[in-house]
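Accompanying notes for the structure given below.
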Amino acid sequence: MANETMEKLDVRLLIDGQWLDDAEGGHLPIVDPASEEVAGRVAVVSSANLQYAVEAAQRGFAAWRAMVPFERSIVLRRAAALVRERGDAIGAVLTREQGKPLAQSRHEVAGSADVIDWFAEEGKRCFGQVIPGRTVDTHTLTRLEPVGPVAAFSPWNFPVSQAVKKLAAALAAGCSIILKGPREAPAACAELVRCFVDAGLPAGAIGLLFGHSAEIAEYLVAHPAIRYVTLTGSVSVGKTLASLAGMHMKPLTLELGGHAPVIVCKDADLDLAVSELVKMKFLNAGQVCLSPTRFLVEGPVYEEFVARFAERARNLRVDSGVADTVDMGPVASLRQVEVTQTFVDDAVKCGARLECGGKRLERRGYFYPPTVLSNVPTTARAMNEEPFGPIALVRQFDSREEALAEANRLPFGLASYVFTRSVATEAFLTERLEAGMVAVNRLFSSNIEAPFGGVKDSGYGTEGGTQAIRNFLVEKMVTRFVG
Ligand code: NAD
């Protein structure tokens, strides 16, 4: 592997092309959630280095935008190749610091290489227009130009795949970017960034910081050199950042939390629904923004669905992410264990029935079992706040209007799922669900060529599809006399 941090998880900051510690900022520990042991340390940026990071990003922007899109694309494709080449090692680090099973980590890293390739191509296709003038001796044209240095904030649950969407799109557009990575799981994110550096990006075109989020955000967002802000994270942090960005008139993209409803109709293929939903619910121990959370099941199939879903959940193998046979690893931190337990206890107190799980496993590590709660009242906290853990909340419904009302009840609007064999029911629900994404009789697979984003409190803007690169471009109009 290309560096020694893979052995002892010694994660540094990247400023002006240099990997460095910050004497004033110090370090924070990285904890392996499967063993609760300290697996390494991550450098924390001090305020003096924030200024240095922005100055470097300005120089990096000047150098990177001076390259033509075709040349930039070559560098980005080289980065994608390095991500593939180092995929197994990066995946191992990801499992160690975040807990997910090794197969899921490798999948995340491999998918990230595809994201870079895709944006490397998109960057070559950002054309302006030539618009006929009102007289024969004038015409008008538009140019798409990089918006400028970007400040990006990414979460710990997918430390590679969430960061890469921001990095690849911004760089493909010709911007420089400073990423504030997740300090809870920083090492795989740093290895991703290293691939870009080793591919030949000019110094300062990419920067990586860790540390005190609010302080970093307040500095970067307010700085006049920073021209765009992008965050993937929770709704509450999204609102804070949106206010800050608004105050400084910075455009931004927000990919925020969700609370995905799943509507299982009486005519659904139950085999398909149970097997797909168990996979999706317990992926990454439920710490997924698209995770199905509120299971709404039609009366005639309710009991059967609950029994079969709980049976499958109970039999999932929970172990360290590096174990040979593992379906679900630990949750990422002690905080996640505690929050999950609070949600479960509260739901039971409100009258829900515990079908399986419900109590932290008695072993070392942050292991919380797959948990299924049925008959969950809408007053339970978990039915209102994003659970972000391995808990499935099941309720019965009697009409599709009732299911729809419950699905749309919350301020979240990210993902939703429908299982039905009826084209009419599918059309009724997909048209009316207040969500950025709807999956019918299947799960989401994160294809970068499709739009990805939420509505309502789940955020705005997209990080996928042909529009995603446009976030980082501004349109300039040039009108000229040609006579
Ligand atoms: P978080 O909101 O706590 O943190 C997200 C990022 O923002 C981190 O880098 C964090 O350090 C930083 N941050 C924290 N406080 C900040 C502040 N005041 N100003 C600026 N940045 C700040 O979220 P998390 O716990 O890391 O991740 C989980 C959340 O992310 C969940 O809500 C999940 O649904 C959401 N998420 C959304 C998507 C999506 O695409 N919509 C994808 C993955 C995760």
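The values are calculated or read from the model by the stated rules, or taken from the named source; none is laboratory data. Note that the structure is a prediction, hence the values are computed from the model and not measured. Because the Cβ atoms are built from the backbone with ideal geometry, glycine has one as well, and the counts that use them run over all protein chains shown. These area figures cover heavy atoms from the full protein model, side chains too; ligands, DNA and RNA do not enter into them. Shrake-Rupley method; radii C 1.70, N 1.55, O 1.52, S 1.80 Å.
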**Report entry** Segment Glu303-Thr378, extension gain: residue separation times 0.36 nm, minus the distance between their alpha carbons
**Finding:** 25.1 nm
**Report entry** C-alpha long axis of helix 334-349 to longest principal axis of the chain, angle in °
**Finding:** 40 degrees
Query raised in the report: Rounded to the nearest whole Å², what accessible area per residue is found for the chain with the 1.4 Å probe?
Result: 40 Å²
Query - Intensity falloff of region 398-438 expressed as log10 I(q)/I(0), Debye formula with alpha-carbon point scatterers, at q = 0.19 Å⁻¹ - result: -0.51
Query raised in the report: What share of Cα pairs, in percent, lie more than 26 angstrom apart in region 260-448?
Result: 25 percent
Query raised in the report: How much length is gained on full extension from Arg363 to Thr342, taking 0.36 nm per residue of separation minus their Cα-Cα distance?
Result: 5.6 nm
Report summary line: For the chain, longest principal axis from Cα atoms; helix 161-173 axis from its Cα atoms; angle between them, nearest 10 degrees, is 20 degrees
Query raised in the report: Going 7 Å from the Cα of His248 in the Cα-to-Cβ direction, what parts of region 132-165 have a backbone nitrogen less than 15 Å from that spot?
Result: 148-153
Query raised in the report: In angstroms, what radius of gyration and Dmax does region 286-327 have, counting Cα atoms only?
Result: 13.6, 41
Query - Rg to Rh, two decimals, where region 14-93 supplies the alpha carbon set and Rh follows Kirkwood - result: 1.08
Query raised in the report: Between Glu121 and Val455, what is the label-to-label distance in nm when each label sits 7 Å out along the Cα-to-Cβ direction?
Result: 3.0 nm
Query raised in the report: Can you work out ³J(HN,Hα) from phi for every residue in region 398-414, in order, using Karplus 6.51 cos²θ - 1.76 cosθ + 1.60 and θ = phi - 60°, giving whole Hz and x for Gly and Pro?
Result: 10, 9, 5, 5, 5, 4, 5, 4, 5, 4, 8, 5, 8, x, 6, x, 9
Report task. Inverting the mean 1/r over all pairs of different Cα atoms, compute the Kirkwood radius of region 282-361 and quote it in Å. Result -> 14.2 Å
Requested in this report: Would you please give the FRET efficiency between Ala405 and Thr466, computed as 1/(1 + (r/R0)^6) with r the Cβ-Cβ distance and R0 = 25 Å, to the nearest 0.05?
Outcome: 0.15
Query - Accessible carbon and sulfur surface of region 260-448 relative to its total accessible area, %, 1.4 Å - result: 48 percent
Report task. Calculate how many DSSP beta bridges within the chain are antiparallel, expressed in % of all such bridges and rounded to the nearest 5. Result -> 40 percent
Query - Debye log10 I(q)/I(0) for the chain, one point scatterer per Cα, at q = 0.06, 0.13 Å⁻¹ - result: -0.28, -1.19
Query raised in the report: Where does helix 69-85 land angle-wise versus the long Cα axis of the chain, in degrees 0 to 90, nearest 10?
Result: 40 degrees
Report task. Work out how far the C-alpha atoms of region 170-253 reach from end to end along every principal axis, then list the three figures in whole Å, largest first. Result -> 36, 28, 18
Report task. For region 342-483, count all C-alpha to C-alpha pairs, find those more than 17 Å apart, and express that count as a whole percent of the total. Result -> 71 percent
Query raised in the report: Where the centre of each part is set by its Cα atoms, how far does region 145-214 sit from region 65-144, in angstrom?
Result: 12 Å
Query raised in the report: Suppose R0 equals 22 Å; then what is the FRET efficiency for Asp324 and Ala81 from their Cβ-Cβ distance, rounded to the nearest 0.05?
Result: 0.15
Report summary line: Residue span Val478 to Ala48: 0.36 nm per residue of separation minus Cα-Cα distance leaves a gain in nm of 150.8 nm
Query - Cβ crowding within 10 Å averaged over residues, with 85-95, 186-196, 466-476 ranked highest first - result: 186-196, 85-95, 466-476
Report summary line: The relative contact order of region 260-448, taking Cα pairs under 8 Å that sit 6 or more residues apart, comes to a percentage of 28 percent
Report summary line: If R0 = 30 Å, then Arg353 and Lys279, at their Cβ-Cβ distance, give a FRET efficiency to the nearest 0.05 of 0.80
Report summary line: With the 8 Å Cα cutoff and a minimum separation of six or more residues, region 224-310 has a relative contact order in percent of 29 percent
